[in-house]
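Working notes for the structure below.
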Amino acid sequence: MTELMNWIEEKTIKQLQAALESGEITSRKLVLNYLKRISKLDSSGPTLNSMLEVNPDALYLADKLDVERREGKTRGPLHGLPVVIKDNVDTNDKMHTSAGSLLLKDHIAKEDAFIVKQLRAAGAIIIGKANMTEWANFIAEDMPTGYSSRGGQTLNPYGKDFMVGGSSAGTGAAIASNLAVVGIGTETSGSILSPASQNSLVGVKPTVGLISRSGIIPISHTQDTAGPMTRTVEDAAILLSVMKGIDEKDSVTYTSSSKEINYTDYLKIDGLKGKRIGVTRKPYFDYVEKEKQDLIDKAIEILTAQGAEVIEHIEMPSVAEDWNINVMLYEFKPALEAYLKTVDSSLGMRTLADLINENRNLGSKALKYGQALFHQSAATSGRLTETAYLDSLIFDQEHSREKGIDAVLSKNNLDAIITPNNSGAMIPAKAGYPSITVPAGYTAEGEPVGLTFTANAFSEPTLFECAYAYEQATNNRKVPKI
């Protein structure tokens with residue numbers, strides 16, 4: 001058992017599929033050993049606390065998929081492989097979907113989220129639900145990342161004193177620790193990119209519209225998206241290709257221009273050759289320590305050595321604008337209340353006001369850090385016809401797109417821009433534009449640092465070319481010494 005537990009460390013989708021096809025392992029053995037790792041590393045030992053619960057049917061699902069494989073029937077690239085899902089994504093099984101909140105600890109979704117249907121169709125085994133910053137970090141103003149009232153505090157496997165990263169923290173810590181093959185996070189602003197950077201992972205925040213949001217507990221229909229969190233760029237490309245698709249329950253997916261794309265076609269060793277990459281130093285480099293800046297400077301040298309033309313000191317024209325979170329505050333209330341209609345009425349959670357009142361009744365167990373953002377959103381009318389909302393929406397999209405990323409790319413004839421970690425996540429989030437972060441190294445104390453590539457809508461193929469070429473030239477990721 002111990003030998004196999006060690007063998008599965010850092011194995012990729014393709015490596016595991018080859019072992020399954022050859023009969024070297026079975027899906028049952030894989031699941032059993034990932035469950036053993038969860039027990040050894042997450043629930044005891046270092047107690048990373050990245051998993052909220054495991055799927056009680058995981059071994060039976062593995063048996064079923066093993067039978068299908070023996071009969072010559074494989075569903076897709078994830079056939080028989082364990083996947084971790086963030087706890088705000090609906091799964092219609094014996095697991096709960098709670099957004100990390102005690103208020104929804106008994107909520108079992110009536111239907112799989114669209115992306116879960118896509119994963120299951122490709123053969124994935126949903127092995128468990130990952131802890132997360134409660135309500136995707138949209139309840140309190142000073143809640144530490146990775147904390148939830150239901151699950152407690154997730155720790156960074158690279159060091160308990162390091163930040164574990166934005167609200168997909170549990171997925172980040174779990175995949176970094178090899179508790180599953182790949183994982184799913186969600187992002188409204190930095191919640192995939194941050195934990196990916198902090199846990200030395202590849203994180204893909206896709207263009208809004210590429211991935212369906214139906215069946216995911218929402219914050220903002222303007223900015224929300226799910227995305228892959230993996231240990232390699234190739235695994236991220238495979239996972240994103242599986243997740244995308246047109247969903248009649250989420251009309252934004254009809255805007256996607258990437259319906260037939262397989263992102264593995266863009267994994268090119270020479271993917272940086274001829275690319276023009278802009279470096280937006282101000283103010284983004286100021287957000288990280290000098291040692292981390294130095295690691296990004298080394299990354300820039302590698303980009304150049306791989307054939308990219310790096311354009312220094314690119315200015316984001318709208319970066320100094322007076323940004324706010326009004327769009328999220330206005331959109332959260334009606335979006336959440338629409339989701340709560342799918343929750344069993346016996347739980348008594350139908351409105352944001354219900355959540356606020358029940359949190360208050362639970363007291364310190366639920367409100368260790370308060371619920372200031374809940375109150376701010378509840379104070380809005382919930383109507384998206386308000387002038388204040390529409391003015392903020394128009395401002396955000398104009399200054400993040402035409403007067404932001406589009407302007408930078410066009411003016412400088414760039415393929416992509418780079419920033420350290422997730423320091424530049426806010427403007428692409430407001431634009432609904434994609435970013436990919438990849439490991440860029442570690443500080444002297446061992447804290448991971450990420451390099452993030454960003455471009456305009458549906459530019460994922462270009463970003464995969466850049467990220468893969470950089471990854472292959474560096475192989476920066478190291479297994480955490482837990």
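Per the Kirkwood treatment, what hydrodynamic radius in Å, one decimal, follows for segment 226-369 from the mean inverse distance over all distinct Cα pairs?
It is 20.6 Å.
For the chain, what is the mean residue ellipticity at 222 nm derived from helices alone (per DSSP H run of n ≥ 4: -39500 (n - 2.57); sum divided by total residues; nearest 500 deg cm²/dmol)?
The per-residue figure over the chain is -10000 deg cm²/dmol.
Using per-residue counts of other Cβ atoms within 10 Å, averaged over each peptide, order 268-280, 345-357, 73-85 from highest down.
73-85, 268-280, 345-357
Which length gain, in nm to one decimal place, applies between TYR369 and ASP57 when the Cα-Cα distance is subtracted from 0.36 nm times their residue separation?
108.9 nm
Rounded to two decimals, what ratio of Rg to Rh does segment 393-482 give with C-alpha atoms and a Kirkwood Rh?
So for segment 393-482, dividing Rg by the Kirkwood Rh gives 1.05.
Ordered by packing density, taken as the mean number of other Cβ atoms within 10 Å over each peptide's residues, highest first, how do 5-11, 328-334, 434-440 rank?
Most protected by this proxy first, the peptides run 434-440, 328-334, 5-11.
Report, for the chain, the % of DSSP beta bridges that are antiparallel, rounded to 5.
The answer is about 65 percent antiparallel.
Taking all pairs of distinct Cα atoms, average 1/r, flip it, and tell me the Kirkwood hydrodynamic radius of segment 2-266 in Å to one decimal place.
18.0 Å
Where the centre of each part is set by its Cα atoms, how far does segment 281-353 sit from segment 113-172, in angstrom?
Taking the Cα centre of segment 113-172 as reference, the centre of segment 281-353 is 17 Å away.
Quick one: Cα convex hull volume of the chain, Å³ per residue?
134 Å³
Please compare each pair in LYS275/LYS403; LYS86/LYS292; LYS129/LYS478; LYS110/LYS205; LYS64/LYS481 to a cut-off of 31 Å on the Cα-Cα distance and tell me which ones are over it.
The answer is LYS64/LYS481.
At a Cα cut-off below 16 Å, give the aspartates and glutamates reachable from LYS249, other chains included and same-chain residues fewer than 8 away excluded.
Counting by Cα, and skipping residues close in sequence, LYS249 has these aspartates and glutamates nearby: ASP90, GLU111, ASP112, ASP224.
Pulled fully out, how much extra length does the chain show between THR304 and ASP406, if you take 0.36 nm times their separation in residues and subtract their Cα-Cα distance?
The span from THR304 to ASP406 would gain 34.4 nm if fully extended.
By DSSP, what percent of the beta bridges with both residues in segment 2-266 are antiparallel, rounded to the nearest 5?
Of those bridges, close to 60 percent are antiparallel.
TYR266: net charge of surrounding residues, Cβ under 11 Å, Lys/Arg +1, Asp/Glu -1, itself excluded?
Local net charge: -3.
By per-residue mean of other Cβ atoms within 10 Å, what is the highest-first order of 227-236, 180-189, 252-261, 104-113?
Per-residue Cβ counts within 10 Å, averaged per peptide and sorted highest first, yield 180-189, 227-236, 104-113, 252-261.
When only C-alpha pairs under 8 Å and at least 6 residues apart count, what is the relative contact order of the chain, in percent?
With pairs under 8 Å counted, the relative contact order is 17 percent.
Whole Å is fine, so just give me how far the alpha carbon centre of segment 248-273 lies from that of segment 385-435.
20 Å
Mind giving me the FRET efficiency for SER251 and LEU347? R0 is 30 Å, r the Cβ-Cβ distance, nearest 0.05 is fine.
Computed FRET efficiency for SER251 and LEU347: 0.60.
No value in this document is a laboratory result; all are computed from the given coordinates. These figures come from a predicted structure and were not determined experimentally. When we count neighbours, we look across all protein chains shown, and the Cβ atoms used for this are built from the backbone with ideal geometry, even at glycine.
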